[in-house]
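Only one structure is covered here, and it is reproduced in the block below.
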């Protein structure tokens, strides 16, 4: 495990809008060892507060090479008409739907850094460690954070190939 407990990055995305070129926007990504299964992504959409979604790390990592997810969050890799590799992120909620394209290489680099903090398959060890160190009565630590329904896979070795 890495000595740093957090990984953060800013990522340029494109909101896919039918019959338009799309809308560029920025998202902040944040990963903490204390919540080893989750990646927080805050979408900065104008002057309002960012809209935050929590993704299962293994869902985003799995979507780098093949379609993953069902229901409210789906991800899949693709090439844009200009040949750029992107990760499509489709979000659905009672308030609406959104489809984003994120640069695959930048997102792969972020994910690779999260696996340097907590390697794939070792998330449970960190969750138990964090639970033991949580003060009595704090009630804020979630031992079972948001996870995909898919069986976690070891994706660490795949990510370095995507970043070249």
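The values are calculated or read from the model by the stated rules, or taken from the named source; none is laboratory data. The model shown is predicted, which means the values in this text are computed figures rather than measured ones. Neighbour counts are summed over all protein chains in view; Cβ atoms, including those assigned to glycine, are modelled from backbone coordinates with ideal geometry.
Looking across region 15-33, the residues that are assigned to a loop (DSSP other than H, G, I, E, B) and either out of contact with any strand residue (DSSP E or B) (no Cβ under 9 Å at 6 or more places or on another chain) or surrounded by fewer than 16 Cβ atoms within 10 Å (Cβ to Cβ) (or both) come down to 17, 18, 19, 20, 21, 22.
Check region 56-74 and report whether any residue there is under 15 Å from the mean Cα position of the chain (by Cα), surrounded by 14 or more Cβ atoms within 10 Å (Cβ to Cβ) and within 17 Å of residue 5 (Cβ to Cβ). Taking every residue of region 56-74 in turn, at least one turns out to be under 15 Å from the mean Cα position of the chain (by Cα), surrounded by 14 or more Cβ atoms within 10 Å (Cβ to Cβ) and within 17 Å of residue 5 (Cβ to Cβ).
Going by what's in this entry, would residue 49 be described as farther than 20 Å from residue 113 by Cα, modelled with pLDDT of 95 or more and surrounded by fewer than 21 Cβ atoms within 10 Å (Cβ to Cβ)? Even if it seems obvious, please write down each step before you answer.
Numbers: farther than 20 Å from residue 113 by Cα: yes; modelled with pLDDT of 95 or more: no; surrounded by fewer than 21 Cβ atoms within 10 Å (Cβ to Cβ): yes.
Answer is no for this residue.
Residues in region 54-105 that are under 27 Å from residue 122 (Cα atoms) and part of a loop (DSSP other than H, G, I, E, B): 63, 64, 65, 66, 67, 69, 70, 71, 72.
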